[in-house]
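Notes follow the structure.
The values are calculated or read from the model by the stated rules, or taken from the named source; none is laboratory data. Note that the structure is predicted; figures quoted are calculated from it, not measured. Ideal geometry is used to build each Cβ from the backbone, glycine not excepted, and the neighbour counts take in all protein chains shown. When the accessible area is computed, the model is the full protein with side chains, heavy atoms only, and any ligands, DNA or RNA have been set aside. Shrake-Rupley method; radii C 1.70, N 1.55, O 1.52, S 1.80 Å.
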Amino acid sequence: RQVTSLQHAIVFIGFKQMLNIVTAYSLNKIIMKNSLEIKEILRHSLMCAFLAKRIGASVGLDEEEAFVCGLLHDIGKTILYTLFEEYDVDTQTTERLLASHHPQAGSLLTIKWQLPEMVRNAVRFHHAPEKASHDHLAAEIVFLCNSLLHDPESFEALETRCPHIDFSRLNLETIQEELETIENTASNLL
């Protein structure tokens, strides 16, 4: 059966596996030389997840599904950072490859984890939602959230890239006001 919420994921993979994941993450933080970069990716992903949950609820996407899509959208970056560290890839090459290949790397991981197609699409197309063949709303929400987090003033310019989002149901001022609270919450969790 498909797993689309954090609660379902914990039940599905079990407490023991969850403990393994947390342990592996903790160890990686200690030994990984890119730990600051990984922490920033995780902070950004949490922010995107909280914002996606908020926007998803407003435009008709299940809040938990939106949260999972936002949380995992940059998972490919963490994989690539780990891989590049193993092969001692220089910083400039790392940044270039991350920018161009993290959606594909993340998509491959979502396939390996057998996550729902909606999550796969959101991860794969979070920079180009128009390329998604279906589940456009999830991909557009993650694209919108990711873009807003990088440039909060870009809201109105993003409407044309997100035709499946009913922007009349979103309040730009409220969303911009919530960005600081979302940033503080994500930072406090890490």
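So here's what we get for this one:
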{"read-out": "FRET efficiency, 1/(1 + (r/R0)^6) with R0 35 Å, evaluated for Glu117 and Ala157 via beta carbons", "value": "0.75"}
{"read-out": "Most to least packed among 71-78, 111-118 [average Cβ atoms within 10 Å]", "value": "71-78, 111-118"}
{"read-out": "Centre separation in Å (Cα based) which lies between segment 129-143 and segment 79-122", "value": "18 Å"}
{"read-out": "Förster radius 41 Å - calculated FRET efficiency between Thr82 and Arg169 (Cβ-Cβ, nearest 0.05)", "value": "0.60"}
{"read-out": "Portion, in percent, of the accessible area of segment 131-183 that falls on carbon or sulfur, probe 1.4 Å", "value": "45 percent"}
{"read-out": "Average accessible area per residue (Å²) across segment 44-190 - probe 1.4 Å, nucleic acids and ligands excluded", "value": "50 Å²"}
